[in-house]
Structure formats: C-alpha cells, structure tokens
Ligand code: CA
C-alpha cells in the first residue's frame, strides 16, 4: 500500500459531545494558541497496515488521532487503548468514513479513558472472539468515558447459525454508543448488551442513542434479542443506562426486542417499526419507559411493553397496529412470584402507567402469567389517562387475576365499551386524525393518551448518512424475465445467469434436468403452457444461503431420480445456513415422487430456517416420503426449521409419509413459532407408509399456532399433535373425516387437559 505514516498537526481538538460534558464558557474563550502553549500538540497518525497501527497506538497521548487508511483491513483485531482526557480524547477513525472495511476475522476492543472510535465498517467476516466491539480489553482492563459513533456492523455473522457471539458489549462506565448502523445479525446471541458483571461496570451511566438497529430476521430459537441490559444474576443492581432516539427496524429475532435486566434505566423516544416482540422489563426495578413509538402495521406478533418488577414508569408511549398476543401483546402487566428467586418474575408494584395511547392494537393483558407460582398480583400501582381505541370496538383487555392493586382513573376508550373489571374507563365518541409527528390523536378536548408534542424518532435521524439502510429481502418476480425452452442445459444456464428476483419462464415441453439447480438468490420458475420436469440428481432444487424459490405452473416428476433412498424435489443446503429462505409453490403438480423410499417433496437440513413456506392450488400424488420435512432440530434446544408453513386448496393422495413432520423440541418459550395452516385441501390415503415413524398424516411437535380447517381427510392416518410449552393455539374445525381416526393431541409438559379446539368437524368419532 502506498501510504506512509504521516504526522499531521491538528488544530484544536474538535469538541466531543461526550455525555454529561458541560462545556465551560471559560474554555470557549481560550484560543487555540494559548491552549497549545500549555499542552503537547495533538498529532494525527495515518496508518496503512496493522504494524503501523500497533506502533502508533503505543505512542498516542491525549488529543491524538489514529487514522486508518481507506481500504479493506483483513483479520485485524484492533486493541485501542490509551488515556485521553475529557477535553482531549484519543480518536481512532477512518481516512474516509465508510471506506475503511474491517473484514475476515476482525474485531475491536477498547481499554482506557476518553477514547473515541468512528467511521469503521465491519462486514464480510465475523469476530474470532465472542464480541465484535467490546468496551473492554479483557476482564481487568475496561473502557470508561469512551464513545463508539458512526460505526457500521453489517451481516458480520459466524457462519454457524447457532454458534453464539455478540456484536457490541458495553462494559465500564460513562460510555456512549451512538449513531451506529447495526444490521443483519443472523447467528445466535444478543446483538448488543450492557454488562454489569463487575463493580467497574455497574452504575454505568451509559448512553445508547440515535442508532439504527436494522432488520434482524427471525432466529428460530432463544438468543435473538436486539438489546439486553444486565443479566438475571445482576438484575437487582442499578445500571443507569439511557436508551434514546434509536430506531428498531423489524428486529424480529425472538420475543424480546429489548430485555431489560437491571435497575434505573431509561428508554426514551425510541421507535419500534414492525418489530416482533416487546420491550420487556424482565428484571430490575425503577426503570422509565417514556415517549416511545411502536408501529406494528398489523404485522404478526408485533408487541409493545411488558411490565414486571417494582417501580416501573410507563408514560407517554404510543402503540399502533400491534397484533401481538399473550406475553407479546401491546401492553402486558405480569403477575409475579412473591419473594421468588432472582431469576423468576418479581411482582409488579408501584407502577405508574399513564398517558399512553393504544390504537388498533389487539391485546392488553393484566395479571398475565397468573398461576400457582406466579400468584403475586400488581400492587400500589396506577393506570391513568391512557387512551385506548379500537376501530372495530373489540374489547382488548384480558384480565387474569385480581387487579384491585391498580388504581384505574381517567382512561378514555374510543369505540369500546368500558371493561367490567374496574371503573376508571370512559367511553368517548372519538375522531382520530394524524398529526405532523405521524401519530394519531383524538380531538383536542380529550386529554388522555400521548402528549401532542411528543417527538418521534424516524429512520433518517439514526445511524449514519453514508451507509444505505437497504431492504433486507429481494421480492420474488421483482426482476427481469428470462425465457428458456426444454433444450438440454438451457434451464441450468439460466439459473446461473439470473439475478436476484428474476423470473425464469419455461416454455411448454419436457425438461430433463441433469444437474442440481442451486439457488443462492431468490428466483421464480414459471411454466408457460404444459411444462413437465424430471431430474436425474437426488434433488431438483437445492437452496443455498441467500436462495429462495418460487414455482408456478410446473408438473414435476420424480421418475428419473436416482434409485436411492432419501431423494427430494427441493432441499436446503446440507450445511448450516445463516440466511432464512422462502419457498412458494402454486398451481403445480408433483407426481411419481416414488423412486425408492423416503422421497420427500421439500426437505430441510439441520441449522437451516425458512421464514415462510407456502403451497397453494397444487397436487401431490404417489410420494414415498413426506411432503414437507421440517424435523431436523432434534436436540430439544427450542430450535426449529421453519416459522410458517401454509398450505391452501391443495390435494394429497397416496403419500406414505406425513404431509408435514414439523418439530420444535425443548421447553424454551422464547419464540412465536412454528406456525402451521392447512385449509381447503383434500387428503386421501396419507401417512400409512411403514417407514412413517409418527404413524400420522400430520405430525406437529411443539408447533405454537395451528389452523387445520375446511379440509377433507379420507383413509388417512390421524394427526399427531404434541403440545410442549407456552400456550399453543391449535384449532381443528370444519373438516370432514372419512375412515380417518380422530386427532391425537398430547400435552407433554403442562400436565393440563388438552387445549386443542376441535369443533364442527364431520365424521369424527367423539
Ligand atoms: Ca430471550
């Protein structure tokens, strides 16, 4: 590289907006000249390789800056240590912000006082340690009064999906993490955490502000939180961390977006956009949640705030279009365990819940989790001046226990009748209008709900200006059309040439595919006319990291597959995949899927995860395996293979395995899925093969939401449905059963009677 170390004198060090810093008027009056007379001159070190960096960092003193030369820095484990001062921090920055890329096995550790890092991008690699950015060098040397700003971490993931690491760990005290862009955490482990595990990191006064927490896809297991403050072990310790003006964009990892596990933190003016889960006050007392906006846009499992423990204030928060249920509702007050151990829920007491707006949101849950152990009801708390509106007038309250410990006053309900469990609610005739800040308000004579001057953090106010906040997914059929015919190799070549989102149109004819069609991008295969496809390898399509598959109007035959057990029409990579994939099948027919045994239509490997599998208007006949095989996570860690499987208006005939083997084992309760829907379909002679271990036509283990309705089942095995944890919702209704036994539903862990709702079916033995 052409750079030499250069030493450049800087003018008076740029004033840093460190937190709690109060600019003394006197200092402002001091000229650069007189300042430089009484201290060493600030030096700027431009470094071009790791050795130059190491030499420079040994020499730096207060006020100096180390500048990393533009380019890609491979396998660079940065240790940034030094002793800056409040007026003269030591800086590490990029020659040009955004043009210094840390890739491969790189990471950053800070240790010392008054350090500031800015302008770096971590991508194309992953940390060799358990942290990408750590505010400590080791268990003895911490960073204090230090700042990380305008840094990007983009899809910097360990390729093993369930290998745990963390992107940002704050230790020490008085640190600030602001204006960073954090997107695409896909492997297990909280994206960012504040640690309180030694005294040096407690009462820390950290500030986490103006960060863009971009999309984090569904993990399919616990460990997908975006932000955690504390751990249960130190949860009765105070943290004094402020989290404000951040934007949480589709942070969907698991059911906690933020898990607060310490005391005296403040969550102010953050925006949660279409994020599944809740801001959870899991542990710790005396926290403030104020001025936050939650926009669900009616996305599944979007939630608001869940309140647990003592002394929590939830004030002036706005919630709109949140569809979350039970613990993931728009607003949830839990029951607790009286005098319970530190890792259980403490009862809610002294809570102040006021001036919140809940608009077109589905669920307010009070006393949630009430059972023999969680018998501690809320006490000495208030719920006042809240505004609750539901356009369809549906009652949003579910009350699980005695709420006499909450004083309900001056709450206004729009289009809803007051609930019966308490007074303090008035029904008003309400007209909503959207104000300039983007929030819906009732007419001005209604004072309940969020303040009219509430400031709402939008996406543009967060992160950095020089790095795009791009969409995480390429939609099917959003690109070009590539036309192919049945000539040998033409289809294979088109797959190689196509770009993400393209449509490959197959003209009528008979196609024999002699190689795997490997997809590392979303592609659509669309039959134009009578398109018949057979294949000579053990799978037709293999979905690799980044790949997704949509097929429409194809007739697929298994008859040319090799004479071995375990073929599949579609399978995932046999290796772990970081990127979630999608499959959509419509208007297609699958026949002769019967070369040798255990020939599946769709087969997922361990360590892979589908966001969504949809099958519509399609038929499946003569299959020796299962239609959809989602049962490879057998370790019972609460991990599973797909979030949604939806089948509509399809037919299944002579299938030896099950329509689906869907498995989520273990007792962890941190996920919303899996989900399964089967509607409007015909099922005949399914599940009877001797190798079908579940002896069922539909095998669901640990599935959280199930809807099987409007189908006909003929001469098939029964469903086998095992409920494991949570409150699984299983509904089986308006189906007809002929020569098919009743569903077998088992509650494996709860000891409760079966909770499946099975009603209005025809032909079931009672
Ligand atoms: Ca969790």
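Over the alpha-carbon set of the stretch 226-287, divide Rg by the Kirkwood Rh and report the Rg/Rh ratio to two decimals. Please list the in-between numbers first.
Values: Rg = 11.3 Å, Rh = 11.6 Å.
When Rh is taken as the Kirkwood radius, the ratio is 0.97.
So how far apart, in nm, are the two label points at residue 474 and residue 669 if each is 7 Å from Cα heading toward Cβ?
4.2
Could you tell me what fraction of 2.2 N^0.38 Å the Cα radius of gyration of the stretch 485-562 comes to, as a two-decimal ratio?
1.00
If a paramagnetic tag sat 7 Å from the Cα of residue 589 along the Cα-Cβ line, which residues of the stretch 627-663 would have the backbone N under 16 Å from that point?
Within reach of a label on residue 589: 650-654.
Quick check: the angle from helix 50-59's long axis to the longest principal axis of the chain, C-alpha only, nearest 10 degrees?
30
Kirkwood hydrodynamic radius, computed over distinct alpha-carbon pairs, for the stretch 404-547: how many Å, to one decimal? Can you show the working numbers first?
Numbers: mean 1/r = 0.0474 Å⁻¹.
With all distinct Cα pairs of the stretch 404-547 included, I get 21.1 Å.
For the stretch 700-744, what is one quarter of the convex hull surface built on the Cα atoms, given in nm²?
Values: hull surface 11.7 nm².
Its average projected convex-hull area is 2.9 nm².
How would you order 505-514, 467-476, 520-529 from highest to lowest mean count of nearby Cβ atoms within 10 Å? Spell out each step's value before the answer.
Numbers: 505-514: 16.8, 467-476: 14.7, 520-529: 19.9.
The packing order, highest mean first, is 520-529, 505-514, 467-476.
What full-extension length gain, to one decimal in nm, is calculated for residue 731 and residue 379 as 0.36 nm per residue of separation minus the Cα-Cα distance? Working shown, then result.
Working: separation 352, 0.36 × 352 = 126.72 nm, distance 3.61 nm.
Going from the current span to full extension adds 123.1 nm.
If the chain were replaced by its equivalent ellipsoid, with semi-axes equal to the square roots of 5 times the Cα gyration tensor eigenvalues, what would those be, largest first, whole Å? Intermediate results must be reported in sequence, preceding the final value.
Details: eigenvalues 465, 268, 95 Å².
Ellipsoid semi-axes (Å, largest first): 48, 37, 22.
For the pair residue 560 and residue 507, what calculated FRET efficiency results from E = 1/(1 + (r/R0)^6), where r is the Cβ-Cβ distance and R0 = 22 Å, to the nearest 0.05? Write out the running numbers ahead of the final one.
Numbers: r = 20 Å, r/R0 = 0.91.
So, using R0 = 22 Å, E works out to roughly 0.65.
Note the full-extension length gain between residue 105 and residue 372 as 0.36 nm times their separation in residues minus their Cα-Cα distance, in nm to one decimal.
Working: separation 267, 0.36 × 267 = 96.12 nm, distance 4.95 nm.
Stretched out fully, the residue 105 to residue 372 stretch lengthens by 91.2 nm.
With equal scatterers on the alpha carbons only and no solvent term, can you work out the Debye log10 of I(q)/I(0) for the stretch 184-306 at 0.11, 0.13 1/Å?
Each listed q maps to, in turn, -0.32, -0.45.
P(r) for the stretch 321-470: what percent of alpha-carbon pairs falls in each 5 Å bin, starting at zero?
Going from the shortest bin to the longest, the percentages are 2, 9, 16, 19, 17, 13, 10, 7, 5, 2, 0.
Given 0.36 nm per residue, what is the gain on full extension from residue 83 to residue 748 after removing their alpha carbon distance, in nm? Before the final figure, lay out the partial values.
On the way: separation 665, 0.36 × 665 = 239.40 nm, distance 5.77 nm.
Length gained between residue 83 and residue 748: 233.6 nm.
If you average the C-alpha positions of the stretch 84-112 and of the stretch 307-352 separately, how far apart do those two centres end up, in angstrom?
Cα centres, the stretch 84-112 to the stretch 307-352: 39 Å.
Determine the principal axes of the Cα atoms in the stretch 126-259, then give the extent along each, sorted from largest to smallest and rounded to whole angstroms.
34, 27, 27
Within the stretch 73-101, whose backbone N sits under 19 Å from a point 7 Å along Cα→Cβ of residue 138?
Answer for this model: 77-83.
Restricting to DSSP H runs of at least four residues, report the calculated mean residue ellipticity at 222 nm for the chain, -39500 (n - 2.57) per run over all residues, nearest 500 deg cm²/dmol.
Helix contribution divided over all residues of the chain: -1000 deg cm²/dmol.
Measure out, as a whole number of angstrom, how far apart the alpha-carbon centroids of the stretch 207-240 and the stretch 522-583 sit.
38
Among 73, 167, which comes first, then next, by fewest other beta-carbon atoms within 10 Å?
On the way: 73 21, 167 25.
Taking fewest neighbouring Cβ atoms as first place, the list is 73, 167.
In µm²/s, what is D for the stretch 299-378 at 20 °C and 1.002 mPa s, where D = kT/(6 pi eta Rh) by Stokes-Einstein and Rh is the Kirkwood radius from Cα pairs? Walk me through the numbers before you get to the answer.
Working: Rh = 12.8 Å.
D, rounded to a whole number, is 167 µm²/s.
Can you give the FRET efficiency for residue 447 and residue 286, using 1/(1 + (r/R0)^6), R0 = 45 Å, r = Cβ-Cβ distance, to the nearest 0.05? Mind showing how you got there, number by number?
Details: r = 27 Å, r/R0 = 0.60.
Once the sixth-power term is evaluated, E becomes 0.95.
Could I have the simple spin-label model distance between residue 95 and residue 490, label points 7 Å from Cα toward Cβ, reported in nm to one decimal?
5.1
Kindly state, to the nearest 0.05, the FRET efficiency for residue 518 paired with residue 679, given R0 = 30 Å and r defined as their beta-carbon distance.
Numbers: r = 32 Å, r/R0 = 1.08.
Computed FRET efficiency for residue 518 and residue 679: 0.40.
Using label points projected 7 Å from each Cα along Cα→Cβ, tell me how many nm separate residue 199 and residue 536, to one decimal.
That separation, rounded to one decimal, is 7.5 nm.
What per residue convex hull volume, in Å³, do the alpha-carbon atoms of the stretch 615-672 yield?
On the way: hull volume 4.4 nm³, N = 58.
Roughly 75 Å³ of hull volume per residue.
Using the Kirkwood radius over Cα pairs, work out the Stokes-Einstein diffusion coefficient for the stretch 691-766 at 4 °C and 1.567 mPa s, in µm²/s as a whole number.
On the way: Rh = 12.7 Å.
Rounded, D is 102 µm²/s.
Where does the stretch 595-691 land on the Kirkwood hydrodynamic radius, alpha-carbon pairs, in angstrom? Working shown, then result.
Values: mean 1/r = 0.0721 Å⁻¹.
For the stretch 595-691, the Kirkwood estimate is 13.9 Å.
None of the figures in this text is laboratory data; all of them are computed from the coordinates on show. Remember, predicted model here, so these are calculated numbers, not experimental data. Positions of Cβ are generated from backbone atoms using ideal geometry, with glycine treated the same way; all protein chains shown enter the neighbour counts.
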